[in-house]
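Here the structure is laid out as structure tokens; the discussion comes afterwards.
The values are calculated or read from the model by the stated rules, or taken from the named source; none is laboratory data. Quick caveat: nothing in here was measured; it's all calculated off a predicted structure. Surface accessibility is based on the protein's heavy atoms, side chains included, excluding ligands, DNA and RNA. Shrake-Rupley method; radii C 1.70, N 1.55, O 1.52, S 1.80 Å.
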Amino acid sequence: MASEEIGYRGPTACAAAGITYRQLDYWARTGLVEPSVRPAYGSGTQRLYSFRDVVVLKIVKRFLDTGVSLQNIRTAVQHLRERGFCDLERMTLMSDGATVYECTSPDEVHALLQGGQGIFGIAVGVVWRDVESALSQLHGERIDTGETLVGQNPADELARRRNRAV
């Protein structure tokens, strides 16, 4: 099934991105990373995140872990949103701690490193594969039917029984 047909509830997105539910909720409420499949419509509704949303959540987490300010992360996420999150897996995001740069070629990375300042990078393709691997062990939800899709985790008998009962 194509990843565009699957959504992930908050707890699953948190597990795959390595963040707390409190972070997820705050980032959604403040517009940093909002669920693109289904936002929350008041109490009791479940947000549904796309695969790309979860990749962006993990990128935000990595930037926070390295000390990039939330303001600079917001700018980077806005840039990604404006370019439509296209070709994320081929991108390297670089930061000197103050600014986030998008590099799509080794030459761009090299030019940035020539500046001599301390820089770290996030190879988005690696994050992409990490999220794919994590989500393969967790549950998704078909966007069209709401059916729970069981990951590769053999221990989750309850979800299998739920699907059989429907």
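Details
- Ligands, DNA and RNA left out, the 1.4 Å accessible surface of region 36-155 is 50% carbon and sulfur atoms.
- Solvent-accessible surface of the chain, averaged per residue with a 1.4 angstrom probe and all protein chains in place: 55 square angstrom.
- Taking every alpha-carbon pair under 8 Å whose residues sit at least 6 apart, region 1-145 reaches a relative contact order of 29 percent.
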